[in-house]
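To start, the structure under review is shown below, and the notes come after it.
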Amino acid sequence: GGIITQTPKFLIGQEGQKLTLKCQQNFNHDTMYWYRQDSGKGLRLIYYSITENDLQKGDLSEGYDASREKKSSFSLTVTSAQKNEMAVFLCASSRDWENTLYFGAGTRLSVL
Amino acid sequence: QQQVRQSPQSLTVWEGETAILNCSYEDSTFNYFPWYQQFPGEGPALLISISSVSDKKEDGRFTIFFNKREKKLSLHITDSQPGDSATYFCAAPNYAQGLTFGLGTRVSVFP
């Protein structure tokens, strides 16, 4: 078994601020993902990475940067937080794109 | 454009009843359909999945029915329990996009 650890659990930011979310996995999975979850809008893919140092944009990549520093970690940066933005950011990993995704518990973002 | 659609948006059943969740898709290249279950404050977790070569997959009280011709699936939760109260997502894997998720169905089971 393994676990996905996301930090922080809660993040409160100011409008225009750059904010970084971190994700660690110990499954030894090659592929990692960042999804954004908004109420009523399901899960939307922001970035994914199929191996260390690889980055692929998802449908929602504008306004975000990502970094796959090593196989076990994947970071997401909100480049300029939007006022009143509220969402949950979910990190996941899988052996490859056809296999089960394992999700972390999420980082809950609020922007004042 | 939404490629995976779910209905209803929310569903309430009494304990012991069968909850039926629906899913439809557009891309005929999808060949594997996992369903994820998400409890409040947690990330989604794989509940059950089906390959497009099957028309039914059962795991305990959870059953997927698949109609490939109509591009539709349904998840049946029989003998629903309060602990089944969660949001259920139908999904399909796509090489270019990872998993494409539907918007989810929120199920509430009352005792």
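Taken together, the values in this text are just the output of simple stated rules run on the coordinates, not laboratory data. Keep in mind the model is a prediction, meaning the values are calculated, not measured. When we count neighbours, we look across all protein chains shown, and the Cβ atoms used for this are built from the backbone with ideal geometry, even at glycine.
For this structure, a couple of remarks:
- Bridge type composition, chain B - antiparallel percent by DSSP, nearest 5: 90 percent
- Cα-centre dipole for the protein assembly as shown with unit charges at Cβ (Lys and Arg positive, Asp and Glu negative), debye to 20: 240 debye
- Using a Förster distance of 45 Å, the FRET efficiency for B:Asn67-A:Ala105 (Cβ separation, nearest 0.05): 0.85
- Computed over chain A: relative contact order in percent, which uses C-alpha pairs under 8 Å that are six or more apart: 36 percent
- Note on A:Lys18: lysines with a C-alpha under 18 Å away, same-chain residues under 8 apart excluded, are A:Lys9, A:Lys83.
- As a rough footprinting exposure proxy, the listed residues B:Ser51, A:Ser75 were ranked by other beta carbons within 10 Å of their own, and the order from fewest upward is B:Ser51, A:Ser75.
- Model label sites at A:Thr77 and B:Asn31, defined 7 Å from Cα along the beta-carbon direction, differ in position by 4.0 nm.
- Computed magnitude of the charge dipole of chain A (debye, nearest 20; Cβ of K, R +1, Cβ of D, E -1): 320 debye
- Note on chain A: Rg/Rh from C-alpha atoms, Kirkwood Rh, equals 0.95.
- Residues A:Leu19, B:Leu46 arranged by fewest to most Cβ contacts within 10 Å: B:Leu46, A:Leu19
- Mean separation of Cα contacts under 8 Å (6+ apart) over length of chain B, as relative contact order %: 37 percent
- Shown here for the range A:16-79: GluC sites (Glu not before Pro) in loop regions (DSSP other than H, G, I, E, B) with at most 11 other Cβ atoms within 10 Å, namely A:Glu62.
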